[in-house]
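First up is the structure itself, then whatever we jot down about it.
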Amino acid sequence: MSNFKNVEPLQDFNWEEFENGTNAGASAEELRKAYDETLNKVSEHQVVDGKVISFDKKEVVVNIGYKSDGIIPASEFRYNPDLKIGDVVEVYVENQEDKKGQLILSHRKARLSKSWERVNAALDNDEIIQGYIKCRTKGGMIVDVFGIEAFLPGSQIDVHPIRDYDVFVGKTMEFKVVKINQEFRNVVVSHKALIEAELEAQKKEIISKLEKGQILEGTVKNITTYGVFVDLGGVDGLIHITDLSWGRVSDPHEVVSLDEKINVVILDFDNDKKRIALGLKQLTPHPWDAIDENLKVGDHVKGKVVVIADYGAFVEIAPGVEGLIHVSEMSWSQHLRSAQDFMHVGDEIEAVVLTLDREERKMSLGIKQLREDPWEAIEVKYPVGSKHTAKVRNFTNFGIFVELEEGVDGLIHISDLSWTKKVKHPSEFTQVGADIDVVVLEIDKENRRLSLGHKQLEENPWDTYETLYTPGSVHTGKITEMMDKGAVIALNEGGEGFATPKHLVKEDGSQAQQGEELPFKVIEFVKETKRIILSHSRTFEEEKEEVKKAPRKHAAKKEDENVINNVAAGTTLGDLDALAELKAKMEKGE
């Protein structure tokens, strides 16, 4: 048995119309026409309103009352993150149908067609508008405002300096239009302008309440080589680098960091309160007030060298507590040098307190006091007559200054360099930096100076010369130097003598020349002045005179003896027999 009920066919159904595609006597064309008339008439390249019916990450579907919905890239709505279904948006009809029969719309072009009017209206009405920050550019950001690319200067992003521009890319923010160039259609916007009015009121309130000594909280806004700018809530103040810490600060970054919140004290400000001087170190007690009460002169302290100058070094023994070591307190030497020769910045050193003034907050230190003063027991280490090796420090016309050890200096007089050689300048004898052997001759403890000698290391040859170069004796010598006043003769037995030009005439009448080796007679010997006067001429002239004088008779015996004695004084020992014979003849004749 069938489960289907008998269904009666429609008595009035027109099967002919159904088969022929007509309905109620109306053709398909008429039906299509009637449908089209219910839709909006859309012309290409015009701006119309549409309703958002759906969207995703890639596209937004908009209905404009046309027979098909339009598709718009979602990127054209980035400026409006609050877009939702049902929103009415302006669209520009690009094409009624593409190859796929799709309606092509553009929201961006629709905005552009009206954006210039809207941007100008926003400027005229001081209106707050929204914009989408697209990307960075030189000096600021590019912002999409109504589809127009506007410029947002870096200084107009916020009241605080911006250090990372990238964090703003992709953000939608509120702006004010601050400038429009009609000719080039350039638009400049500002976010900072939105909050400046509020900050200005806040700034006036803060400035009106400013007082010296007032403590405020602020935010580190900028750090420079000379100090730190602090935002006090719309009002900026400067902490100079010297007011950051009681200790020395070479870089403010050592004390504070950007965006750090710190308490500061108002030190001073100008009449308009535009320049505000702030302090950070003043919030803590001065380190000098906390210094050990028992610290006194003579105590040893340790610290770090923080500053070096030619005249000395500053040593920090505690943060904010420094002492000066003058270069004269670095060594017992009297030869002042640069402080850099003894220490460098950053060195950890020990020193002795020399002076201490708590009221003036000043302290002087010394490091030479860590070693015994070499002059305290100078007689023990360098007694008179002791021999030492010294270092040549410098020359003068009258001698050589030498250093036996650091702090112990001495002078070798030019006359104490050599027994025999006449030194005109010390540079002929030695050179700076060379070692030289010395003997201590005299100690001047009060003036911290030793008298030294070099020639005293050897026996005085003039004691021997005194017996050797007797007046009248003849010796061989070589002419080593010729001068206008005479010649220097190096004697073969040692020492030097001098002969004037008239005593350099040879027997043939010619003048003796440098380099010649000749016999010389001693005319004069003075040990005290180390002078030996010589004559070559006398070695042959006096013999001739003696022959000529032999026949002469003298009335006075005493006078003859004086002549003989004078002649003898100028002759050698070899001539004494001849003189004795001459004297005997004269007496006989008389």
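A few notes on this one:
- Paramagnetic label zone (point 7 Å from Cα along Cα-to-C-beta, residue 405; backbone N under 16 Å) in region 360-387: 368-384, 386-387
- Amide H partners (placed H, <5 Å) of residue 361, local residues excluded: none
- A Cβ-based charge dipole, computed about the Cα centre of region 426-549 with Lys and Arg at +1 and Asp and Glu at -1, lands at about 340 debye.
- Given in Å, the Rg to one decimal and the Dmax to the nearest whole number for the Cα atoms of region 445-547 are 17.0, 66.
- Overall form of region 304-345: prolate. Here a/c, set by the Cα gyration tensor axes a ≥ b ≥ c, is 1.5 or more, and a/b is the larger of a/b and b/c.
- Once the Cα gyration tensor of region 145-224 is diagonalised, semi-axes √(5λ) in Å: 32, 16, 10
- Anisotropy class of region 504-545 from Cα gyration tensor, a/c 1.5 cut: oblate
- Mean shadow area of region 62-134, taken as a quarter of the surface of its Cα convex hull (nm²): 5.9 nm²
- Projected label points at residue 135 and residue 200, each 7 Å from Cα along the beta carbon direction, are separated by 3.6 nanometres.
- Taken one residue at a time, the phi angles of region 392-398 give Karplus couplings (6.51, -1.76, 1.60, θ = phi - 60°) of 5, 9, 6, 10, 10, 5, 9 Hz. Gly and Pro are set to x.
- Total formal charge among the other residues, if their Cβ is under 9 angstrom from that of residue 132, Lys/Arg +1 and Asp/Glu -1: +2
- What the phi angles of region 217-229 give under the Karplus curve with 6.51, -1.76 and 1.60, with θ = phi - 60°, is a coupling list of 9, x, 10, 5, 9, 7, 10, 10, 5, 9, x, 10, 8 Hz, glycine and proline written as x.
- Fraction of beta bridges assigned by DSSP in region 260-388 that are antiparallel (%, nearest 5): 95 percent
- Nearest-20 debye value, region 93-134 charge dipole, Cβ charges on Lys, Arg, Asp, Glu: 300 debye
- Put simply, the amide H of residue 321, placed in the peptide plane, has no neighbours under 5 Å, leaving out anything fewer than 5 places away on its chain.
- When the C-alpha to C-alpha distance is required to be over 21 Å, none of the pairs from 204/274; 57/171; 134/179; 296/368 qualifies.
- Ordering 167, 423, 230 by accessible surface, largest first, gives 167, 423, 230; the 1.4 Å probe counts only protein heavy atoms, with every chain in place.
- Across region 299-316, coupling constants 3J(HN,Hα) worked out from phi with the 6.51/-1.76/1.60 Karplus curve, θ = phi - 60°, read 6, 9, 10, 10, x, 10, 5, 10, 9, 10, 10, 4, 7, x, 9, 9, 10, 8 Hz, and Gly and Pro carry x.
- A simple spin-label model places pseudo-atoms 7 Å from Cα toward Cβ; at residue 83 and residue 442 they are separated by 10.8 nm.
- Note on surface exposure: 388, 253, 503 rank 253, 388, 503 by accessible area, highest first, 1.4 Å probe.
- With the cut-off at under 14 Å, measuring from each backbone N in region 450-467 to a point 7 Å along the Cα-to-Cβ line of residue 393 picks out 450-452.
- Separation in nanometres of the label points that stand 7 Å from Cα toward Cβ, at residue 362 and residue 121: 7.6 nm
- Sequence-distant residues sharing a close amide H with residue 222 (under 5 Å, placed H): 229
- Basic side chains Lys and Arg get +1 at the Cβ, acidic Asp and Glu get -1 at the Cβ, and with that the dipole of region 224-280 about its Cα centre reaches some 120 debye.
- Descending semi-axes in Å of region 328-432, equivalent ellipsoid built from Cα gyration tensor: 37, 16, 12
- A 1.4 Å probe over all protein chains sorts 83, 324, 452 by accessible area into 324, 83, 452, starting with the largest.
- Taking 0.36 nm per residue of sequence separation and removing the Cα-Cα distance, the residue 159/residue 355 pair yields an extension gain of 65.4 nm.
The values are calculated or read from the model by the stated rules, or taken from the named source; none is laboratory data. From a predicted model like this one, the values you see are computed outputs, not experimental measurements. Positions of Cβ are generated from backbone atoms using ideal geometry, with glycine treated the same way; all protein chains shown enter the neighbour counts. Side chains are part of the model used for accessible areas, which takes the heavy atoms of the whole protein and leaves out ligands, DNA and RNA. Shrake-Rupley method; radii C 1.70, N 1.55, O 1.52, S 1.80 Å.
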